[in-house]
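The values are calculated or read from the model by the stated rules, or taken from the named source; none is laboratory data. The shown structure was predicted, so the numbers you read here are calculated from the model rather than taken from an experiment. FYI the Cβ positions are ideal-geometry reconstructions off the backbone, even for glycines, and counts take in every protein chain you see.
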Amino acid sequence: MPTQADTVIVGAGIVGCNIAYRLTELGREDVVVGQGPMPTTGGSSSHAPGIMFQTADSKILTKFANYSRKLYSTLEGQDGEQAYNEVGGIEVAWSEERMDFLQRRVEWGKA
């Protein structure tokens, strides 16, 4: 890690990486993204690396996830292959509280 940078982004999850991408696209050259120790970073990377949930309890976060999904789907790796592949996922309810949460998530998605 450099000892100095013009822009430091704390967190290398979906939000941090998206911000870093956009800043460099706008011409920022000295952007550093810091990542905490896995698996206890505290952000989404600690529980969902590579997974991008499309719904959240905030419409802003839901829109941000959708925006990020669309952006990442257009990017290629250094090898020319698509960098982000949507493969889907499954969530399991192990309690009544978790089932309530998943049902709210379905309703957020419909909204």
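If you go through region 52-78 and keep only what is more than 16 Å from GLN103 (Cα to Cα), of a type in the set (A, V, I, L, M, F, W, C) and outside any helix (DSSP H, G or I), you end up with MET52, LEU75. Just to verify a result, which residue in region 79-100, among those that are of a type in the set (A, V, I, L, M) and assigned to a loop (DSSP other than H, G, I, E, B), is modelled with the highest pLDDT? That would be ALA93. Candidates are the residues of region 24-77 that are aromatic (Phe, Trp, Tyr) and closer than 30 Å to GLN4 by Cβ; the one that is modelled with the lowest pLDDT is PHE64.
If you filter region 59-102 down to residues that are surrounded by 11 or more Cβ atoms within 10 Å (Cβ to Cβ) and of a type in the set (S, T, N, Q), you find that the one that is nearest to GLY13 (Cα to Cα) is SER68. Taken over region 12-23, the criterion of being at pLDDT below 85 and either in contact with a Lys or Arg (Cβ under 6 Å, 6 or more places away or on another chain) or in a helix (DSSP H, G or I) (or both) is satisfied by ILE14, VAL15, GLY16, CYS17, ASN18.
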